[in-house]
1. Would you point out the residue of the stretch 113-141, among those that are of a type in the set (G, A, S) and in contact with a helix residue (DSSP H, G or I) (Cβ under 7 Å, 6 or more places away or on another chain), that is modelled with the lowest pLDDT?
2. Out of F51, F85, which single residue is open to solvent by 30 Å² or more (accessible area, probe 1.4 Å) and hydrophobic (A, V, I, L, M, F, W, C)?
3. Looking at the stretch 38-56 only, could you name the residues that are touching a residue at least 24 places away in the same chain (Cβ under 8 Å) and part of a helix (DSSP H, G or I)?
4. Here's a check for you: in the stretch 108-117, which residue that is of a type outside the set (F, W, Y) and either loosely packed, with under 15 Cβ neighbours inside 10 Å or closer than 19 Å to G59 by Cα (or both) is farthest from the chain's Cα centre (by Cα)?
5. Out of curiosity, is F219 closer than 20 Å to G145 by Cα, over 14 Å from the mean Cα position of the chain (by Cα), open to solvent by 20 Å² or more (accessible area, probe 1.4 Å) and at pLDDT 95 or above?
Amino acid sequence: MWIAGAAPGLKIDWARMPTYNTIMAVAAGVGLVLVVALGHKVLRGRINDHFEGWALAFGVLGLILTTTGLHMTLTWPLAGQGFPFDNIVFGEPALAFGALLLFAAFYLWRKGVLLAAALDRPALLARTAGPVSLFVAGMGLGCFGIAAAGWTYTLFAAPPQEPISGAFADMPLLEATFISGLYVLVGLGAVLFPLALRAKGGGLTTVVGVCWGVAGIAFTLFGALNYFTHIGLIVNTM
């Protein structure tokens, strides 16, 4: 759990504060990596008519992120022990990304063959994703806000009871910088996304791909690590 100001004798009533940002982090990270991978294949003509697998992958990840993100956004489960900001930090971006993945899955399932047959795939992508890219950019600005809050209030500092991350509990700015940096990468890619669509490839597309690819790998690995660290935190604070 990424929380601020944890005391050495911290005890948490986990029955009042369910947390599942472990699977959310893994799903978001893998989702970012898959978006970059699919975009790379489509723009370079390396994919033909086999979109069903991509649609299934996006659908699974979108369902996980939409469900958990919607629950966290509407019910604020992390507010029970005094950390309500975590519901905004994790829940709302997950809900947004999950909904985007679900509708991308629907599009690929129904219209993937048209994308494969298009003579000018970048132009078709720009026409299709252009309107929703404004929402992507808006959420990118939101990621900048989350990153700024993380740095300002050191929101992501791990308590000393958490294995591995807790070893740096006396350096709260370290983890705050790491997590906020990931949000900056995601936000930068999202803000540049509409411009990359209009450019139909080139340098901007590469920047978006690098930002989302690096952030996706980092979120995936960090989320996987948290399956150990969060279990340890629960055991140590029951």
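1. Out of the qualifying residues, it is A118.
2. Just a single option satisfies the conditions, and that option is F85.
3. Those that are touching a residue at least 24 places away in the same chain (Cβ under 8 Å) and part of a helix (DSSP H, G or I): G39, H40, V42, L43, E52, W54, A55, L56.
4. Of everything passing the filter in the stretch 108-117, A117 is farthest from the chain's Cα centre (by Cα).
5. Spelling it out, it is not the case that F219 is closer than 20 Å to G145 by Cα, over 14 Å from the mean Cα position of the chain (by Cα), open to solvent by 20 Å² or more (accessible area, probe 1.4 Å) and at pLDDT 95 or above.
Yes/no matrix, rows are residues, columns are (1) closer than 26 Å to R46 by Cα; (2) part of a helix (DSSP H, G or I); (3) touching a residue at least 24 places away in the same chain (Cβ under 8 Å); (4) of a type in the set (S, T, Y):
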| site | (1), (2), (3), (4) |
| --- | --- |
| F97 | yes, yes, yes, no |
| A129 | yes, yes, yes, no |
| M139 | no, yes, yes, no |
| I146 | no, yes, yes, no |
| L155 | no, no, yes, no |
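The values are calculated or read from the model by the stated rules, or taken from the named source; none is laboratory data. The structure presented is a predicted model; accordingly, all values stated were derived computationally and were not measured. Because the Cβ atoms are built from the backbone with ideal geometry, glycine has one as well, and the counts that use them run over all protein chains shown. Accessible surface areas use protein heavy atoms only, side chains included; no ligands, DNA or RNA. Shrake-Rupley method; radii C 1.70, N 1.55, O 1.52, S 1.80 Å.
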